[in-house]
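The values are calculated or read from the model by the stated rules, or taken from the named source; none is laboratory data. All figures in this text were calculated on a predicted structure; none of them were measured in a lab. All Cβ positions, even for glycine, are placed from backbone atoms using ideal geometry, and neighbour counts span all protein chains on display.
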Amino acid sequence: MVDYELRVLSHDAHLFEVRCSVERPDPTGQRFSLPVWTPGSYLIREFARHVIGARGESNGRALEVEKIDKQTWQCAATDAPVTFIYEVYAFDLSVRGAYLDRGRGFVNGAAVFVWAHGFEQHQASLRIIAPAQSDWRVATAMPAVEIDTRGFGSYRSADYDELIDHPIELGDFVLQQFEIQGVGHQIAITGAPGDTDFGRLTADVARVCHEHIRLFGAAPFERYLFQLLVVGDGYGGLEHRASTSLIASRKTLPRVGFDTNSEDYRTLFGLFSHEYFHAWNVKRIKPAAFVPYDLTREAFTRDLWVYEGITSYYDDLALVRAGVIDEGAYLELLAQTITRVLRGAGRLKQSVAESSFDAWIKFYRPDENAPNSLVSYYAKGSLIALMLDLILRSETTVSLDHVMRALWQRYGQTCVGVPEGRFEALVEALAGAGIARRLRAAISGTDDVPLEQLFAQFGIAMQVRAADSADDKGGKPGKNGAARVSLGVRAEGKSDPKLVHVYDDGAAQAAGLAPGDQLMALNGLRITEGLDAALKYHRVGARVNVHAFRRDQLFETQVQLKQAPIDTCWLEIASAETSAQRALRQHWLSPVDDDAG
Ligand code: ZN
């Protein structure tokens, strides 16, 4: 058994204190390490950089501690029990780190708890100590042993891996509950306005959860907790085995007595749905490269698209199947994903297999050139999942639902790692070599996912056009048919806009403009209302003089304007659809049959 203690040392200095005790330590010198990354987020974060004042104790006396690499401490040799004590600076609002102020505390275990070398498989007990003079409560999915009514006290995990897979929310949150097939679900909401329509939120979340449970047959956990932090502007989530930590913007919440803006509300539900699906896909159906997690270095896999792409496909699909959104809204979401993928020239250079493998240095560390150099294994991965599902549904008697159930039964239920490429092999076994070949080509190639013909078989017409404006995300028919001119950039700011991205083969790149350049004037006139407005009365092919600053140097160049690329998609029900096409579509978008396995 390894015993942990977590206490608030200082709200205002944002410090937790952690004590980790081992009864029978390694007699040659017990080592303790903090992960360099957290499962679910593929970036080396080196959490040890937030550790302050590490020290050791044995039988009440100080024990010498030496740091031996960036994340590891070694205590002096002793046979007596050892306690390793350290402070963690916690002021990272993201779901991957730790946070503490007067209002709230949050712990993602990987950022806060060290493992004791040699004891990774041992039970871990955690005592969470209540801060003085506060009415805080605890929300965590970690199994409790002995806790008070507010949740402070002792918890237990089977091993270190489980200890860091139950994030801990501390504070004054609103707690909502519902049950599905006897499995208790809770939503702990921090920072929500008082007039939030909690009832509607909870009912809709329950419908979505139910849909995912129907797909796989049963919930793989005894209880589940959503931790939702509401902020002014933010979006993100991190999946865990029986919980998830979410951050969402205030505007996405439903309010009592008001019609919720459906687009914002959809965004919130996509997040709930996505992380909940991960309880099966990636937390239990997981890559062999993650069994066990090596938290001292990167864990490479070419299959992240399976875990993030397929999850991204099902997150929105479950919303329409559960009736939280209608068919039109679902087609709009799909078309926006297609648009996102079409807008990056990086899709022509990197496959989703390569994007998965290089996630650590590319997707998670995007720079100004990202749209030109990489493809998202989330977005394109979800289109590959869509392609596969449509192929299976129109050409075979199975669907992606069957593939996921088979994956669950063979790997997820037993938590055996899925070897690289096994997903494709499973598709081959279920649906034949021809379909598997098309799937493999999509995974390892850089061609656009061939969706247009597939959509047609489901009575859906896929259309593309140029973007109406810089804010046009696609999903709807365009507003103006006129050709829009394009500089081939993403810019920020209305006055003297700054270039964020300069797209390959665009007019700006050909004129020598670069990310970071600040555009001051077009044809001698200052840009004050944004680029779209400044370009409005120019024609395709026109040459315009641009004055710009690169750092503090003013320069002038001539840009020949191009036509805006045809990169914006919308989908609509084909007017000439047959009843067979309609039936295929309706079956695809209906709740999963309970006998689909
Ligand atoms: Zn995800």
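At a glance:
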{"read-out": "Filtered residue count, segment 490-541, keeping only those that are of a type outside the set (D, E, K, R), in a loop (DSSP other than H, G, I, E, B) and in contact (Cβ under 8 Å) with a residue 60 or more places away in the chain", "value": "4"}
{"read-out": "Residue within segment 269-287 that is away from the ligand (no atom under 14 Å from the Cβ), part of a helix (DSSP H, G or I) and at pLDDT below 95 present", "value": "yes"}
{"read-out": "Qualifying positions in segment 23-72 - loosely packed, with under 13 Cβ neighbours inside 10 Å, of a type in the set (S, T, Y) and either under 12 Å from R96 (Cβ atoms) or free of Cβ contacts under 8 Å to residues at least 24 places away in the same chain (or both)", "value": "none"}
{"read-out": "Among residues of segment 27-78, those that are under 30 Å from P366 (Cα atoms) and not β-branched (V, I, T), counted", "value": "18"}
{"read-out": "Enumeration of residues in segment 421-447 that are assigned to a loop (DSSP other than H, G, I, E, B) and out of contact with any helix residue (DSSP H, G or I) (no Cβ under 7 Å at 6 or more places or on another chain)", "value": "G421, G432, G445, D447"}
{"read-out": "Among (1) surrounded by 14 or more Cβ atoms within 10 Å (Cβ to Cβ); (2) closer than 14 Å to L487 by Cα - the single one G541 does not satisfy", "value": "(1)"}
{"read-out": "Selected residue (criterion: modelled with the lowest pLDDT) from residues of segment 321-357 that are of a type in the set (V, I, T) and within 21 Å of Q463 (Cβ to Cβ)", "value": "I325"}
{"read-out": "Failed condition for S262, given (1) away from the ligand (no atom under 14 Å from the Cβ); (2) polar (S, T, N, Q); (3) crowded, with 21+ Cβ neighbours inside 10 Å", "value": "(3)"}
{"read-out": "Filtered residue count, segment 115-130, keeping only those that are out of contact with any helix residue (DSSP H, G or I) (no Cβ under 9 Å at 6 or more places or on another chain), surrounded by 17 or more Cβ atoms within 10 Å (Cβ to Cβ) and part of a loop (DSSP other than H, G, I, E, B)", "value": "1"}
{"read-out": "Contacts under 7 angstrom Cβ, first residue in segment 381-400 being touching a residue at least 60 places away in the same chain (Cβ under 8 Å), partner of a type in the set (D, E), 6 or more apart", "value": "G381/E308; S399/D389; L400/D389"}
{"read-out": "Enumeration of residues in segment 299-321 that are more than 9 Å from the ligand (Cβ to nearest atom), part of a helix (DSSP H, G or I) and either of a type in the set (D, E, K, R) or over 19 Å from R585 (Cβ atoms) (or both)", "value": "L304, W305, V306, G309, I310, D316, R321"}
{"read-out": "Condition met for I44 (among the hydrophobic types (A, V, I, L, M, F, W, C), more than 24 Å from the chain's Cα centre (by Cα) and more than 16 Å from the ligand (Cβ to nearest atom))", "value": "no"}
{"read-out": "Out of R422, R410, sole residue that is surrounded by fewer than 17 Cβ atoms within 10 Å (Cβ to Cβ), free of Cβ contacts under 8 Å to residues at least 24 places away in the same chain and closer than 25 Å to F357 by Cβ", "value": "R410"}
{"read-out": "Selection count, segment 73-114, where residues are crowded, with 23+ Cβ neighbours inside 10 Å, of a type outside the set (G, A, S) and either assigned to a loop (DSSP other than H, G, I, E, B) or in contact (Cβ under 8 Å) with a residue 60 or more places away in the chain (or both)", "value": "13"}
{"read-out": "Wholly within segment 157-255, strands (runs of 3 or more DSSP E) carrying at least 2 residues that are away from the ligand (no atom under 16 Å from the Cβ) and modelled with pLDDT of 95 or more", "value": "168-171, 174-180, 183-190, 223-231"}
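Residue-by-condition table, conditions (1) of a type in the set (G, A, S); (2) surrounded by 15 or more Cβ atoms within 10 Å (Cβ to Cβ); (3) at pLDDT 95 or above:
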{"residue": "R484", "(1), (2), (3)": "no, yes, no"}
{"residue": "P515", "(1), (2), (3)": "no, yes, yes"}
{"residue": "A533", "(1), (2), (3)": "yes, no, no"}
{"residue": "A576", "(1), (2), (3)": "yes, no, no"}
